[in-house]
1. Residue 684's amide H: which non-local residues (gap 5+, or another chain) put their own amide H closer than 5 Å, with H modeled 1.01 Å from N in plane and none for Pro or chain starts?
2. Could you calculate the contour length gain from residue 755 to residue 445, that is, 0.36 nm times the residue separation minus the distance between their Cα atoms, to one decimal place in nm?
3. Over the chain, what is the percentage of antiparallel beta bridges among all DSSP beta bridges, to the nearest 5?
4. Among 279, 582, rank each residue by its count of other Cβ atoms within 10 Å, from fewest to most, as a rough exposure measure.
5. Using only the Cα atoms, what convex hull volume per residue in Å³ does the range 36-149 have?
6. Please compute the contact order of the range 201-462 in relative form: average sequence separation of alpha-carbon pairs under 8 Å and at least six residues apart, divided by the residue count, as a percent.
7. Where does the chain land at 222 nm, in deg cm²/dmol rounded to the nearest 500, when only DSSP H runs of n ≥ 4 count, each adding -39500 (n - 2.57), divided by all residues?
8. Using r as the Cβ-Cβ distance of residue 503 and residue 585, and R0 as 25 Å, what FRET efficiency do you calculate, to the nearest 0.05?
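No value in this document is a laboratory result; all are computed from the given coordinates. This is a predicted model, so every value here is computed, not measured. Neighbour counts run over all protein chains shown; Cβ positions are idealised from the backbone, glycine included.
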Amino acid sequence: MIKRFLRRWLFLDAIRHNVNRTRGLLSLCVTASRPRALSVQALKNIVADGTAWRATSGDPQLCLSSTGLQVRGLCLVQLSIAVKQPLVRASLYFDTGRGYFESQATHVVFRSGERAWVQIYLPLSARRLRLDPCDVQGPVRILAVEVTPLGLSATLRHVFRERMERGPLRARGLARLRRGLGLTESTDYEQFLRATEPALASVRKPVTQHIETFGRKPTISIIMPTWNTDPDLLEKAVASVRAQVYPHWQLCIADDASTLTATRECLKKLAASDRRITLSWCEDNVGISAASNQALATAEGEFVGFLDHDDELSPLALYHVAAELDRQPGLDLIYSDEDKLDDRGRRVEPHLKPAWNPELLHGQNYITHLAVYRTQIVRELGGLRSECDGSQDHDLALRFEKIADPAKVRHIPVVLYHWRAVEGSTAVARDAKDYAHGAGERALRDRFSGDEQARVGKGEIPLTYRVDYGLPTPAPKLSVIIPTRDGYAHASRCLQSILDKTVYPDYEILLIDNQSRDPETLDWLTRCRELKSVRVLEFDQAFNYSAINNFAAAQARGEILLLLNDDTEVITPDWMSEMASLALRPDVGAVGAKLHYPDGSIQHAGVALGIGGVAGHTHWRFSEDAVGYLGRLKVRQAVSAVTAACLAVSREKFLAVGGLNETNLAIAFNDVDLCLKLSEAGFRNVWTPFARLYHHESISRGAEDTPEKMDRFRLESDWMKARWGNLLDADPFYHRCFSRTAQDMSLAPRPQPYRPWEGQW
C-alpha cells in the first residue's frame, strides 16, 4: 500500500515538474486512434516500377509521410511487403534532426506478403520516419504501411517499463523516476561530456608536466590516406593532429591520386606548415589499404595509429596513448572510445567499448578508432590488405588478434576519436557501404583459414558476423545438470523441450531431486528413470544450490557440464551445440545463453559487475528483437559473468577452480563467483545470443522479501565484496561510465573520472 502510494506521488510530482514537456506529450498522444495509412516516397536505392517498386541495391530506403510525422509516442506500425525471398527483413528508423542512426532502428522479420506488426517509440523530437523495406535487390511490393498511435497511457507505460524497470526504484525516488519516464535528460551526452572532459586550457599545464615525467616519449606516427577530400574537412583533420598536447608525433599522409586540384593544393599547404608532416603521392588510384601502406612506409614512429581523412582526434588523444605506454611499456595495441560528428559538427552517439574482447571482435569491428599498434607488428603482419578494402581496419585487428598477447592490449576508457558522419560513410549507417560487409566476411574467413571446423556467416544485423567454431568428431559428451524440488509443472516442460528440440548428438541429463514431496513430481521422476538419456539423483539435504551442482558434477560423465534451471525451456535446437563449441575453446571459461521471459523480453544477456552493488544483468527487459547497445545483443562477447540458470563449462575447468562455493554462497552470486574464479585462472567468460531459451522466472517475483532471505542475501553480498573487492567496481567488459543502477548500458549520471595527470586511472 505504501509503495503504491509513493509511486503514484512520485509520478505526479514528476509530471508537475515537467509541465512543458508533458503538455507536448499530451497534445500528441492523448488517446489511441485508428490506423493511419502513411504515404511512401523513394529516398535511396529504390525506384518506382509501375504499381510497385524495384530495389536497386541491398539497402533500399523509403520515406514515410512527406509532410512530416503527425504522431508521437508509442506507435504500432503495420507492414505488409512482398519480395522474391520467403522472408522479409524490414527496418524502421526515425530522424530527430540529426540523421538516421542504427542505434535507433527497429527491425522485424516476417513472411513475404503477410502482415507484420512492429512497435516503435517516436520521441517528441522525431521529424521523419524511414522504412528500409528489405535487404535484397529486385522487385518490392508495398501492400500496406499503417501506423496506429497507442495513446498517452501506453506511451507512459512503455517508457516506465523500458527505462524504469531496468533498475529497481528503491530509495532513488523522484530523480530516478523522472529519468525512467523520460521527462528529463539527466544523462544525455552533452552533460556527460561536461562531466568527463575538462576544458583543455585548464589541464594543458598539468598534462604537459605529466608528459615531462615520462621515462620514454615514443614517437607515434599517424597514418592518413586521402582521396579528393573536402579541403575544409582535411584541414580540420590535420589541425586536430597539430593540436595534440603530446608533441612527439608524425603525420604520414599518402594521397591516392586525387583528381581535385583543391585537395592537392590543400595537401601541399598543410605539408609545408609543419615539419612533422610527411606527404607522398600515389601515381595511380590504388585504394585505401595500398595508400595507407605507402604512408606506413614513411612512418618513423615506434607506434602507428590510423586517422581517416575527414575525422578528428581529441587534443589529448596521443597524450593518453603515451601515458599508457609509460605505465605499461610492453603494450602492442592501445585503443580508445569514439563518437561521431554530425553534419553540424556536434558530437553524438558515443561508442564506449569493453576491454580486449576477441569474441566481440569476431562478431563486429568494435575496436575501429582510435587504434594505435606497435609499428613492427603491423609491418610483420604485412600492413593493410587491399582485398579487404572497406573493412581493412577490422582485418588488421583480426590478424593481430590471432597472434596477440591479451596482456599487451590496453583499452583507454575515454572518447579520443571523432568519426565524421557524412553521407555514404558507415558512421551514418552501419549498412551504408555494401561492400564493407563482404570485406569483413573475407577478413574473418582468412582469420580462421587454418581451422577446418570454423565457418563464417552473416550476422543478424548489418556489419555483424557469426563464426561457427564447430565441434570435434565425435562430439564430446555433455552433462546437463537440472536441480528440482516439487517442480513437476515446469521441470517436465524443461525436460521435454530438451528431448524434443535439442540436436546435439551426445548428452545426458542429470535430474537432481532435492527432497521432493509432491506425489505428481515423484511419479514423474519415477518415469524419468526409465528414459535412456536421463539419470535421477537424490540430494537429501537442505537446499544449497552450490552443493547440489557440485554433487552432480562429481557424478557427471560428460566432458562439458551444463548447469540449467528447471524453469527454462529450449527455443533454438542448436543451443547445446553452440554452447559446447564455445566451452571447448581452450581460452574460454563459462558460457552463458540468451534467456527470455515468457513475454519475449530479455532476462539475461550477460552479467556486469557493480550493478546493484555486486552484479546485475545487462539489457534487462529489452524487447525480444532489440539490437542492444551498438548491436551487442546480436553478437557473442566476453563478459565478466553469466547466470547459472544456463551455464556451460568444461568439467576440467569447473573442478580446477573448485566448482561453486557451497560454504559462503549457498544461494546467490555463486555463478558470478565461479566466473570470476575462471577469469582469475586466465579464462574468458562468453555470452552468446545464438543459444536461446525461455526462463519462466516470475518477472514480478521480487527480491529477498523475508527477514531471513534479506539477512542471507546481505551476508552473501558482503562476502562477495570482501572476496573480490575493487573488481566489482571495475568490470573490464562494462564501461566505467555506464550506470550502476540502471541495467541498460546508459550513461551514468556521475561518471568516474579518468585523469592520468591527476593519478586517476
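1. Distant-sequence amide H within range of residue 684: 588, 589.
2. The residue 755-residue 445 span can extend by a further 107.6 nm.
3. The antiparallel fraction comes to roughly 65 percent.
4. 279, 582
5. Numbers: hull volume 10.2 nm³, N = 114.
Dividing the Cα hull volume of the range 36-149 by its residues yields 90 Å³.
6. Numbers: 475 pairs, mean separation 53.4, N = 262.
Relative CO of the range 201-462 lands at 20 percent.
7. -9000 deg cm²/dmol
8. E between residue 503 and residue 585, to the nearest 0.05, is 0.80.
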